1. Restricted to the stretch 399-446, and to residues that are in contact with a strand residue (DSSP E or B) (Cβ under 7 Å, 6 or more places away or on another chain), of a type in the set (Gly, Ala, Ser) and assigned to a loop (DSSP other than H, G, I, E, B), which residue is surrounded by the most Cβ atoms within 10 Å (Cβ to Cβ)?
2. Can you name the residue in the stretch 492-528 that is without any contact (Cβ under 8 Å) to a residue 12 or more places away in the chain, within 29 Å of the chain's Cα centre (by Cα) and surrounded by 14 or more Cβ atoms within 10 Å (Cβ to Cβ) and is also nearest to Phe428 (Cα to Cα) among such residues?
3. Of all the residues that make up the stretch 455-474, how many are out of contact with any helix residue (DSSP H, G or I) (no Cβ under 9 Å at 6 or more places or on another chain), buried (at least 21 other Cβ atoms within 10 Å of the Cβ) and of a type outside the set (A, V, I, L, M, F, W, C)?
4. Restricting the first residue to the stretch 287-307 and requiring it to be outside the structural domain of Ala21 (by TED's automatic domain parsing) and touching a residue at least 12 places away in the same chain (Cβ under 8 Å), which pairs with a second residue that is in a helix (DSSP H, G or I) and of a type in the set (Gly, Ala, Ser) meet a Cβ separation below 6 Å and a spacing of at least six or different chains?
5. Exactly one condition in (1) touching a Lys or Arg at 6+ places or on another chain (Cβ under 8 Å); (2) modelled with pLDDT of 95 or more is not met by Gln252; state its number.
6. Go through the stretch 80-93 and give me each residue that's within 16 Å of the chain's Cα centre (by Cα) and farther than 15 Å from Leu61 by Cβ.
7. If only one of Asn155, Asn132, Asn101 is free of Cβ contacts under 8 Å to residues at least 12 places away in the same chain, surrounded by fewer than 24 Cβ atoms within 10 Å (Cβ to Cβ) and over 14 Å from the mean Cα position of the chain (by Cα), which one is it?
8. Restrict the check to the stretch 12-31 and report whether at least one residue is modelled with pLDDT under 95, over 25 Å from Tyr114 (Cα atoms) and either surrounded by fewer than 24 Cβ atoms within 10 Å (Cβ to Cβ) or in contact with a Ser or Thr (Cβ under 8 Å, 6 or more places away or on another chain) (or both).
Amino acid sequence: MGLCSSTETQMSKPNILLIMADDLGIGDVGCYGNDTIRTPNIDRLSKEGVKLTQHISAAPLCSPSRAAFMTGRYPIRSGMDADSVYRILYWIGGSGGLPNNETTFAKILQKQGYTTGLIGKWHLGVNCESRNDHCHHPLTHGFDYYYGMPFSLINDCQAGKPSELGLAFRARFAYHTQLIFLAVFTLIIGKLIGLIPVGWKLICGSAFCGLLYFVSWYSSFGFVSYWNCLLMRNHEVTQQPMKVEGAAWLMQKEATSFIERNRNGPFLLMVSFLHVHTPLVTTKKFIGKSKHGLYGDNVEEMDSMIGSILDAIDKQGLRNNTLTYFTSDHGGFLEAQDGNAQLGGWNGIYKGGKGMGGWEGGIRVPGIFRWPGVLPANTVIDVPTSLMDIYPTVVHLGGGKLPQDRIIDGRDLMPLLQGKVTNSEHTFMFHYCGLYLHAVRWHQVEIGAIWKAHYVTPVFHPEGAGACYGRRLCSCYGDSVNHHNPPLLFDLASDPREDVPLSPDTEPQFKAVVSRIDRAVEEHRKTLAVVPLQFSQPNNIWKPWLQPCCGTFPFCFCDKEEGDPHATL
């Protein structure tokens, strides 16, 4: 059998292993330039495969980025972004989530005979109308098996940590509660003295709504560690509250077990780590092992877990028939600090970080593919690619077809990864912060330029710091941003740090470039449709009737997990 036919045989419905870190900065990985944190297993993937240096997330925060990854579409198309400060799903007991009319790559591969599994973080919703409808659950979106945390790791999950949800959120909720009760009180007084002609049914109904709102506010914050922080296996809650110290070991065990059970393939397995999101829960074995404090320890622990998963692939003899991919959902969290200790990641030379839709540090992430015998080893690709590209890539490899009734923004990467072409199909890429377009990238292939126009940039605190210290995250709009007309223009090919904006005096093509990008924005906006916003306040408020619960609500306590949570990773 010749080389070509052998490769074709390998490419016939390969196993697909997708590994996603949470909040990992591109500069945190050895093969991307870090020399203080040890990541030998991720580096080995790079040496044995293809490394992308301009791999871009469609959003700088968890929920919208993951929605784009799962659907191959900008999150604005599915309503998985927001025009407010609440740009992620805040409650597992909310009604927002990935809409059922979106078709994930898992759903397509499931129909092609793949056994599909998701281990780890989901953060794309659970319920819509009742506690058990699971309309947003991974099993509704094409996964045959799910084990992990349907929400996100937050400080509230670990005793003694400051609340992740923020005082501003609490204050706003309390303010609305007070307004409701004031309105009800005014109606009652007005009714009694005859100034407001309303019925008692309306007053009682308003009072009930106000009481429910207050109970929701008080209860959700009072018991958030029990209600948001839980583990599920398929549709069953197995641990509530989640014991964060043992979660990593349990998820690693589930990932290797899935590989063993499905070794005869084909399978699609997505391993979505809780690492390296704060509060940086790290087992004793890795505490103090890195040169970069607790954050470095957490990264090194994740790398070790990746090594165990790769060993499971090798043990089952699946290395040559498995496409392995590693990435992060967005850039590192610069504002995460404890005194002088940095608890968030490093984004290398790139400006900005998590939450920032335009600057490279928030959206440029690791992107590594390995497939021995099919993809070349030790190869670096420097052209723009997107996390959304995974969608058409794995659909193609699995023998499926892309949906024809919607726009798919991702592009099949296999020709680029195999060296059959030298450029990706991305001419323009649009960088959103919530629902606000902050920047646009134009790859002008004929001259080798990668233009980046910033229409909006965050106001850093302090000025020039590169982040919004003293705040949870940089904002997307209002007084917290600067608007630029004409936009700030950079050529990333020569200025990847985005240090020195170009001008008509320094760049002869300035006006022509900006004009072409402006036309691309107009064309792009014509493709957008109005859809329900999943992070709107009605969808993103805690609703007790939607709260997953192990037991009888509100007494949600159980531990159905077996094994030693302190076992060696």
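1. Per the stated criteria, the residue is Gly410.
2. So, considering only residues that are without any contact (Cβ under 8 Å) to a residue 12 or more places away in the chain, within 29 Å of the chain's Cα centre (by Cα) and surrounded by 14 or more Cβ atoms within 10 Å (Cβ to Cβ), the one nearest to Phe428 (Cα to Cα) is Asp518.
3. Of the residues in that region, 1 qualify.
4. From the stretch 287-307, no pairs qualify.
5. Of (1) touching a Lys or Arg at 6+ places or on another chain (Cβ under 8 Å); (2) modelled with pLDDT of 95 or more, only one is false for Gln252: (1).
6. Initial filter on the stretch 80-93 (within 16 Å of the chain's Cα centre (by Cα)): 80-82, 86-92.
Within the stretch 80-93, Trp91, Ile92 meet the criteria.
7. Details: Asn155 fails: free of Cβ contacts under 8 Å to residues at least 12 places away in the same chain; Asn132 fails: free of Cβ contacts under 8 Å to residues at least 12 places away in the same chain.
Result of the check over Asn155, Asn132, Asn101: Asn101.
8. Initially, the stretch 12-31 is screened for residues modelled with pLDDT under 95, giving 12-13.
If we keep only those that are over 25 Å from Tyr114 (Cα atoms) as well, we get none.
Checking the stretch 12-31: not a single residue is modelled with pLDDT under 95, over 25 Å from Tyr114 (Cα atoms) and either surrounded by fewer than 24 Cβ atoms within 10 Å (Cβ to Cβ) or in contact with a Ser or Thr (Cβ under 8 Å, 6 or more places away or on another chain) (or both).
The values are calculated or read from the model by the stated rules, or taken from the named source; none is laboratory data. This structure is a prediction, so every number in the text was calculated from the model and none was measured. Cβ sites come from the backbone with ideal geometry, for glycine too, and all protein chains shown count toward neighbours.
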